[in-house]
1. Would you say residue 209 is open to solvent by 10 Å² or more (accessible area, probe 1.4 Å), touching a strand residue (DSSP E or B) at 6+ places or on another chain (Cβ under 6 Å) and in contact (Cβ under 8 Å) with a residue 24 or more places away in the chain?
2. What are the residues in region 214-240 that are more than 17 Å from residue 158 (Cα to Cα), more than 9 Å from ligand 1 (Cβ to nearest atom) and either open to solvent by 30 Å² or more (accessible area, probe 1.4 Å) or basic (Lys, Arg) (or both), if any?
3. Can you tell me which condition residue 101 does not meet? The list is (1) part of a helix (DSSP H, G or I); (2) within 16 Å of ligand 1 (Cβ to nearest atom); (3) out of contact with any Gly (no Cβ under 6 Å at 6 or more places or on another chain), and all the others hold.
4. Would you pick out the residues in region 115-150 that are of a type in the set (A, V, I, L, M), more than 16 Å from ligand 1 (Cβ to nearest atom) and closer than 27 Å to residue 174 by Cα?
5. When the residues of region 19-62 are filtered to those that are away from ligand 2 (no atom under 16 Å from the Cβ) and among the charged types (D, E, K, R), which remaining residue is farthest from residue 191 (Cα to Cα)?
6. Which of the helices (runs of 4 or more DSSP H) found entirely inside region 26-91 contain at least 2 residues meeting this: out of contact with any Phe, Trp or Tyr (no Cβ under 6 Å at 6 or more places or on another chain) and either under 29 Å from residue 155 (Cα atoms) or small (Gly, Ala, Ser) (or both)?
7. Does region 464-478 include one or more residues that are in contact with a helix residue (DSSP H, G or I) (Cβ under 9 Å, 6 or more places away or on another chain), in contact (Cβ under 8 Å) with a residue 60 or more places away in the chain, within 16 Å of ligand 2 (Cβ to nearest atom) and not assigned by TED's automatic domain parsing to the domain that holds residue 171?
8. Being without any contact (Cβ under 8 Å) to a residue 40 or more places away in the chain and touching a helix residue (DSSP H, G or I) at 6+ places or on another chain (Cβ under 7 Å) is the requirement here; does residue 179 meet it?
Amino acid sequence: MGKIRGFIEYDRLKELVIAPKSRIKNYKEFTVAPNEKKLREQGARCMDCGVPFCHSGCPLGNMIPDFNDAVYENEWKSALDILHSTNNFPEFTGRLCPAPCEEACVLGIVKPPVSIELIEKYIVERGFSEGWITAKLPKNRTGKKIAVIGSGPAGLAAAQQLNSVGHNVTVYERENKIGGLLRYGIPDFKMEKKVIDRRLEILKKEGIVFKCSIEVGKNITTEYIEKEFDAILISTGASIKRNLLIPGSNLKGIAQAMDFLSHNNKAVDGQHKCDKKYLAKDRNVIVIGGGDTGSDCIGTSNRHGAKSVTNFEIMPKPLDYRTDENPWPYWPFKLKNSSSHEEGSHREWNILTKEFLGDKNGNLTGLKTVEVKWEKIPNKRPKLIENKESEKDWPCELVLLALGFTGPEKTLPEQFDLTFDKRGNIQGLNKYQTNKNKIFVAGDCRRGQSLIVWAISEGREAAHQIDEFLMGSSLLPKKNMSGDLIAY
Ligand SMILES: Cc1cc2nc3c(=O)[nH]c(=O)nc-3n(C[C@H](O)[C@H](O)[C@H](O)COP(=O)(O)OP(=O)(O)OC[C@H]3O[C@@H](n4cnc5c(N)ncnc54)[C@H](O)[C@@H]3O)c2cc1C
Ligand code: SF4
């Protein structure tokens with residue numbers, strides 16, 4: 001621990017951001033880097049706790065007090081090595097993670113917690129700007145061949161781990177570019193795509209082979225993959241979108257949030273012009289669904305120049321503090337305001353959409369809602385009660401459905417003859433190993449729609465198991481902290 005009274009001396013630093021009015025004029029990231037002195041002070045706030053709860057809050061088991069201390073001591077290269085020892089891609093999590101570690105930080109009981117995510121982001125940015133992050137080639141090649149299907153954070157983390165111990169890794173991706181939801185789900189204003197490309201260059205130099213625009217099971221057979229490779233990792237995500245099948249759901253002007261976001265991300269990348277059907281400009285937009293995806297739709301609609309943006313959530317408005325049933329260090333179920341909400345949107349809770357309204361040409365003109373309440377029933381899920389008296393029409397010309405994902409697509413796992421768990425996810429019988437010996441599974445397709453940090457963690461763990469399967473034992477790190485404090 002560097003500074004004994006650092007947590008008393010310094011306040012938590014909130015990262016500066018460009019004002020909403022200016023930042024919605026483009027899709028660039030809008031945070032302003034703090035200077036080195038300020039970052040070191042943030043590192044000095046860490047109390048180096050005897051039992052560092054931040055560790056167990058982090059699904060990767062990041063060694064947080066160690067890198068906090070290294071930053072305070074101005075030993076940035078050492079901080080980077082500590083960070084990379086548990087996390088392949090801190091530049092993704094440092095920008096996009098909801099930071100369960102901070103919610104579990106001991107300092108958080110009495111004061112604002114240590115700014116762990118901010119410190120993480122600027123350690124890795126320093127690493128790139130100093131040229132410390134370079135390709136690390138394996139000393140020997142094992143001759144074993146591994147196919148990774150799906151190039152999201154789970155697939156990429158596994159590929160890097162497996163390549164580092166000398167296996168020959170080929171990553172197959174059905175999209176035209178690598179990155180999974182990092183590339184075509186998450187908008188640039190949360191993470192610019194050059195951040196992915198910068199890391200990809202390193203992975204390519206390390207020897208990983210990337211094959212884009214190849215859908216396994218469609219453009220290339222599963223039989224070929226099984227014959228050609230010694231082990232296979234399926235990391236194809238959870239992309240089946242939940243729908244809202246109510247009267248009027250075929251009207252023009254209703255789109256799935258993910259179709260809207262991926263279309264827009266490709267437009268920002270210069271791959272095409274934004275199609276009129278996905279353009280929010282001068283339209284009243286209603287985003288149905290109050291999660292991360294909904295929030296990304298709000299930020300994107302405001303950047304298009306929407307006339308108004310309204311966000312519906314069927315659940316009650318959360319409190320802005322923890323309740324007694326939800327104590328520290330558990331993940332707090334409290335109200336969250338994302339940067340997109342700050343940019344302008346009207347939010348409604350306890351609201352249910354009953355019908356979409358349209359004109360004679362089949363164009364959406366509005367929707368009908370009722371207010372709902374949730375009745376608690378002992379040992380059962382709360383019951384939804386509609387208030388028929390509260391019916392209301394909302395004018396809108398674009399509706400974005402951000403209702404979550406029900407699980408992974410079934411075609412590929414069925415072609416491989418894999419089994420599913422009760423929730424419809426691909427089943428890892430021996431954690432990451434499926435019912436077929438040489439086929440492994442990691443990320444959202446195994447655990448359901450989750451977080452980047454969990455995808456990286458699963459990719460790393462699956463890599464350990466695959467290496468052990470191929471070689472009899474593995475030197476790849478295995479996590480000893482579980483992050484199970486988080487109830488995602
Ligand atoms: C809009 C949105 C915003 C989000 N924002 C955040 C956030 O801010 N922070 C956070 O922590 N999490 C966020 N998430 C969740 C996070 O992105 C996911 O949990 C994470 O990307 C899952 O990683 P994955 O590697 O399992 O799968 P994915 O990232 O989904 O990648 C799977 C890849 O597999 C490919 N694929 C599928 N089938 C095949 C096939 N047969 N052949 C070849 N390739 C195939 C897909 O094209 C895709 O590229 C967000 C999710 C969404 C939808
Ligand atoms: S819990 Fe907070 S104060 Fe304690 S070691 Fe972790 S980051 Fe530092």
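1. yes
2. Of everything in region 214-240, those that are more than 17 Å from residue 158 (Cα to Cα), more than 9 Å from ligand 1 (Cβ to nearest atom) and either open to solvent by 30 Å² or more (accessible area, probe 1.4 Å) or basic (Lys, Arg) (or both) turn out to be 221, 223, 224, 226, 227, 228, 240.
3. (3)
4. Once the filter is applied, which keeps residues that are of a type in the set (A, V, I, L, M), more than 16 Å from ligand 1 (Cβ to nearest atom) and closer than 27 Å to residue 174 by Cα, region 115-150 yields 135, 137.
5. 37
6. Details: elements: 36-44, 53-57, 64-72, 76-84.
Those helices (runs of 4 or more DSSP H) span 53-57, 64-72, 76-84.
7. Taking every residue of region 464-478 in turn, none turns out to be in contact with a helix residue (DSSP H, G or I) (Cβ under 9 Å, 6 or more places away or on another chain), in contact (Cβ under 8 Å) with a residue 60 or more places away in the chain, within 16 Å of ligand 2 (Cβ to nearest atom) and not assigned by TED's automatic domain parsing to the domain that holds residue 171.
8. Here the answer is yes, as residue 179 does meet what is asked.
The values are calculated or read from the model by the stated rules, or taken from the named source; none is laboratory data. It should be emphasised that the depicted structure is a prediction, and the values quoted were computed from it without experimental measurement. Virtual Cβ from ideal backbone geometry, glycine too; neighbours counted across all protein chains shown. For accessibility, only protein heavy atoms count, side chains too; no ligands or nucleic acids. Shrake-Rupley method; radii C 1.70, N 1.55, O 1.52, S 1.80 Å.
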